[in-house]
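A.B. asks: Shown below is the structure under consideration.
Values quoted throughout were computed directly from the atomic coordinates according to the rules given, and no laboratory measurement underlies them. Values in this document were obtained by computation on a predicted structure and should not be read as measured data. In this analysis, Cβ positions are derived from the backbone assuming ideal geometry, glycine residues included, and neighbour counts consider all displayed protein chains.
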């Protein structure tokens with residue numbers, strides 16, 4: 001029988017049935033832990049996550065060491081084996097993504113809530129992830145061989161929803177995250193969701209300081225990505241290595257600039273601004289991205305937030321490119337100058353300015369459309385110049 005690529009290699013001694021028969025042997029916790037370590041070593045090429053330096057992080061650690069009291073380790077190992085031996089995984093594998101995504105959210109959501117949001121790095125609500133995947137993947141015609149990237153992947157909730165929308169056999173996943181625990185959870189997600197082929201593309205490392213050059217290590221890996229999805233950390237103290245980013249080599253990547261180091265509250269440094277710029281830099285010319293950002297970013301009137309919006313709109317998003325790499329939430333460009341498409345209602349002015357007469361020239365229409373309303377009611381606030389430009393690009 002020919003097993004598919006990515007199948008785990010196991011010896012008879014590694015089977016649950018064998019471990020269950022040996023549970024009454026002395027120091028069973030060592031037998032249990034050593035078996036898992038042997039499985040990890042035997043399948044190192046398939047299931048190991050890599051670091052920036054190339055070191056391999058195995059699938060299993062010495063799991064019984066998490067029990068502090070040595071006398072309780074064998075009872076712990078026995079309890080695990082006795083739970084697993086009578087459990088059938090067949091129906092779970094048949095349900096696939098729908099089962100694991102619900103289970104993963106249930107466990108991590110409570111884990112995060114009980115700790116007061118401390119573990120938000122592992123958790124993005126599944127509903128949000130589904131919406132982002134629906135934005136990025138055209139209904140009924142998903143692209144083939146799509147390369148998908150998340151520079152702050154966490155446990156991979158966004159990527160699992162994206163891969164499910166595309167088709168697990170139609171995409172490759174590329175990730176980087178500074179947390180080893182997150183990378184471990186992501187690896188488990190890939191195994192459970194038939195994405196084992198993407199495990200070699202999971203990198204543990206600092207994305208902003210040392211972005212991993214996938215294309216230089218793997219001939220099949222792209223230099224730029226077709227789809228990027230991310231829920232990056234919003235605020236983080238990166239004052240220790242901020243100045244290392246201020247180099248000529250990073251000028252194009254951080255085109256809108258670097259946040260300054262504040263005198264106080266360094267833990268509130270807006271690192272998400274660096275992730276946004278890195279994502280734009282990582283896209284192909286026709287690539288798409290969906291990114292979670294704080295609400296204040298949309299209405300920013302100063303600083304890097306405003307410069308980012310202006311720069312990405314003018315130099316990295318032209319009416320001829322579709323879709324706009326800056327954000328998947330922007331309306332698509334019109335296909336021709338005569339297109340009758342209009343921007344979403346949210347981008348329109350709330351004023352009650354009447355529409356110009358159809359007999360007037362096109363120039364007169366444009367001038368009238370963007371002129372300030374004549375009445376002075378408080379509810380008729382004219383659009384700000386920056387919003388004018390945003391709308392006009394899609395007229």
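A.B. asks: How are the alpha carbon pair distances in segment 12-87 distributed across 5 Å bins from zero to the largest one, expressed in percent?
C.D. replies: Result returned by the calculation: 3, 16, 23, 21, 17, 11, 6, 3, 0.
A.B. asks: Another one. Starting with the fewest neighbours, write out 268, 248 ranked by other beta-carbon atoms found within 10 Å of each beta-carbon.
C.D. replies: Neighbour counts put them in this order, fewest first: 248, 268.
A.B. asks: Note down the nm distance, to one decimal, between modelled labels 7 Å out along Cα→Cβ at residue 41 and at residue 298.
C.D. replies: About 5.5 nm separates the two model spin labels.
A.B. asks: Same structure, new question: What FRET efficiency comes out for the pair residue 26/residue 237, r = Cβ-Cβ distance, R0 = 35 Å, nearest 0.05?
C.D. replies: Numbers: r = 49 Å, r/R0 = 1.40.
My answer for the efficiency is 0.10.
A.B. asks: Kindly put 187, 170 in sequence by how many other C-beta atoms sit within 10 Å of each C-beta, fewest to most.
C.D. replies: Lowest count first: 170, 187.
A.B. asks: Moving on. Label residue 10 and residue 89 with points 7 Å out from Cα along Cα→Cβ: what is the distance between them in nm?
C.D. replies: Inter-label distance under the simple model: 0.6 nm.
A.B. asks: How would 130, 181 line up from fewest to most surrounding beta-carbon atoms within 10 angstrom?
C.D. replies: Details: 130 17, 181 14.
Ordered by Cβ neighbours within 10 Å, fewest first: 181, 130.
A.B. asks: Could you tell me the calculated FRET efficiency between residue 252 and residue 180, based on Cβ-Cβ distance and R0 = 30 angstrom, to the nearest 0.05?
C.D. replies: Working: r = 30 Å, r/R0 = 1.00.
About 0.50, to the nearest 0.05.
A.B. asks: Along each of its three principal axes, how wide is the spread of alpha-carbon positions in segment 94-315, in whole angstrom units, largest first?
C.D. replies: Dimensions of segment 94-315 along the principal axes of its Cα atoms: 54, 41, 33 Å.
A.B. asks: What is segment 94-315's relative contact order, in percent, from Cα pairs under 8 angstrom and six or more apart in sequence?
C.D. replies: That works out to 18 percent.
A.B. asks: Express in whole angstrom the spacing between the alpha-carbon centres of segment 129-158 and segment 39-105.
C.D. replies: Computed from Cα coordinates, the inter-centre distance equals 26 Å.
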